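Contents: one structure, followed by commentary.
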Amino acid sequence: MQCQKATVQMNGLCNVKKVADLCSVNGFSEAALDKKKHNKPDEVTLSTMEEAYSTILRGLGENTERQGLKSTPGRAARAMQFFTKGYRETVQDVLNDAVFDEDHDEMVIVKDIEMFSLCEHHLVPFFGKVHIGYLPNQKIVGLSKLARVVEMYSRRLQVQERLTKQIAIAIVEALKPAGVAVIVEAEHMCMVMRGVQKKNSRTITSAMLGVFREDPKTREEFLSLIKS
Ligand SMILES: [Zn+2]
């Protein structure tokens, strides 16, 4: 097992430096894999969730038998399974057959990738955009797969900081690039609808690895390209 160290910096609200130990297993780190691939949704899970949603409705003082609510627990359970479908995928599922050898050493950027996720503290949405850049080192990945990686990690219960880091680490592990940059800009409904109720606040997090971290020029190039 081969281990390497990467430093992940979070900007925005928290200015904390974190060091992630990336232990490579078949080219993918355990951190990126989140190996506990959850079981496929089955009828047992679905009915447990349905019952739970009925309980919540009764807790609100609602009549679960009235017409508009009769099918709500089932619909809500299926919706929640969709919102969290990323638990039933791994990074290998998404990237394995889409990594290609290519002698390309210019920056690759995919920006404005739509992202919808659920905050793990309140189970309410946060959503926004993800910008990804990497500097290849003999390997590239199908561009749509970067959006699939975003989709996989965002369709889980998340905090924005971890989401940002997981996307960056997954790309590092799959491509071993010279560097990776990930920026996530999001609005959190738990801030907008409750708590401080700041309607227009956006949270921005970034993970800069390799040359994007070490070389200010590369970082600047990335930042100006995602703004253009
Ligand atoms: Zn929240």
message: Pairs needed: first member in segment 185-207, under 13 Å from S117 (Cβ atoms); second member anywhere, aromatic (F, W, Y) and within 10 Å of the ligand (Cβ to nearest atom); C-beta distance under 8 Å; at least 6 residues apart or different chains.
response: A186/F126; E187/F126; H188/F126; M189/F126; C190/F126; T203/F126
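Pick from L69, L95, L163, L143: which is touching a strand residue (DSSP E or B) at 6+ places or on another chain (Cβ under 7 Å), at pLDDT 95 or above and not polar (S, T, N, Q)? Before the answer, list the steps.
On the way: L69 fails: touching a strand residue (DSSP E or B) at 6+ places or on another chain (Cβ under 7 Å); L95 fails: at pLDDT 95 or above; L143 fails: at pLDDT 95 or above.
None of the other options fit; the residue is L163.
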message: With the requirement that a residue be over 13 Å from the mean Cα position of the chain (by Cα) and farther than 20 Å from I226 by Cα, what does segment 105-124 give you?
response: H121, H122, L123, V124
Selected residue (only one of A98, A79, A168 is more than 14 Å from the chain's Cα centre (by Cα) and under 30 Å from M191 (Cα atoms)): A79
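Let me confirm something: among L123, L57, which residue is within 16 Å of the ligand (Cβ to nearest atom) and more than 30 Å from R219 (Cβ to Cβ)?
On the way: L57 fails: within 16 Å of the ligand (Cβ to nearest atom).
From the options L123, L57, the qualifying one is L123.
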- request: Could you grab me the full set of residues in segment 98-139 that are hydrophobic (A, V, I, L, M, F, W, C) and at pLDDT below 95?
  value: A98, V99, F100
statement: For segment 196-209 the number of residues that are within 20 Å of the chain's Cα centre (by Cα) and not hydroxyl-bearing (S, T, Y) is 5
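Of a type outside the set (S, T, N, Q) and either without any contact (Cβ under 8 Å) to a residue 12 or more places away in the chain or within 16 Å of the ligand (Cβ to nearest atom) (or both): is that true of F100 in this structure? It would help to see each step written out before you state the result.
Values: of a type outside the set (S, T, N, Q): yes; either without any contact (Cβ under 8 Å) to a residue 12 or more places away in the chain or within 16 Å of the ligand (Cβ to nearest atom) (or both): no.
Spelling it out, it is not the case that F100 is of a type outside the set (S, T, N, Q) and either without any contact (Cβ under 8 Å) to a residue 12 or more places away in the chain or within 16 Å of the ligand (Cβ to nearest atom) (or both).
Here are some residues: M152, M189. Which one is more than 15 Å from I109 (Cβ to Cβ) and in contact with a Pro (Cβ under 8 Å, 6 or more places away or on another chain)?
Numbers: M152 fails: in contact with a Pro (Cβ under 8 Å, 6 or more places away or on another chain).
Answer to the check: M189.
The values are calculated or read from the model by the stated rules, or taken from the named source; none is laboratory data. The structure displayed is predicted, hence computed values, not measured ones. Cβ coordinates were reconstructed from backbone atoms using ideal geometry, including for glycine residues, and neighbour counts include every protein chain displayed.
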